[in-house]
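The values are calculated or read from the model by the stated rules, or taken from the named source; none is laboratory data. None of the values given here were measured: they were computed from a predicted structure. Note that we place each Cβ from the backbone using ideal geometry, even for glycine, and neighbour counts take in every protein chain shown. These accessible areas exclude ligands, DNA and RNA; they are computed on the full protein's heavy atoms, side chains included. Shrake-Rupley method; radii C 1.70, N 1.55, O 1.52, S 1.80 Å.
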Amino acid sequence: CSGRLPHGLQTLVWTEGMASWLPLADASPHITVGPLEEPPATAAHEDTIWFYSCNAQQSGPVDGLTLQRLYQDGPATQMLVWCEDMDSWAPIESVPRLLL
């Protein structure tokens, strides 16, 4: 919480392993702060340029959001995808960042 709370109110905290909620000032032995985790990989539609192939017909370039829409709206055929950081073409279902 940031800012000041109205007089008489306090910030309470709880985490797994604590018996009950505690005032923030009293919780420091129960709360440890480690290094921040790496943020998740950016969504596929942010910067990556994709190429795709359906029925042996290669298309692209498209952004990830367009590719996701094509896959969701398209026929039930296998769609292969590729971008610059991939070693080879792969089924779209095997590329987790496209299935967000």
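The table below gives the values:
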{"item": "Pairs with Cβ under 9 Å, 6+ apart, first in the range 6-17 and open to solvent by less than 100 Å² (accessible area, probe 1.4 Å), second part of a loop (DSSP other than H, G, I, E, B) and at pLDDT 70 or above", "result": "Leu12/Trp21; Val13/Trp21"}
{"item": "Filtered residue count, the range 75-85, keeping only those that are at pLDDT 90 or above and under 19 Å from Ala56 (Cα atoms)", "result": "4"}
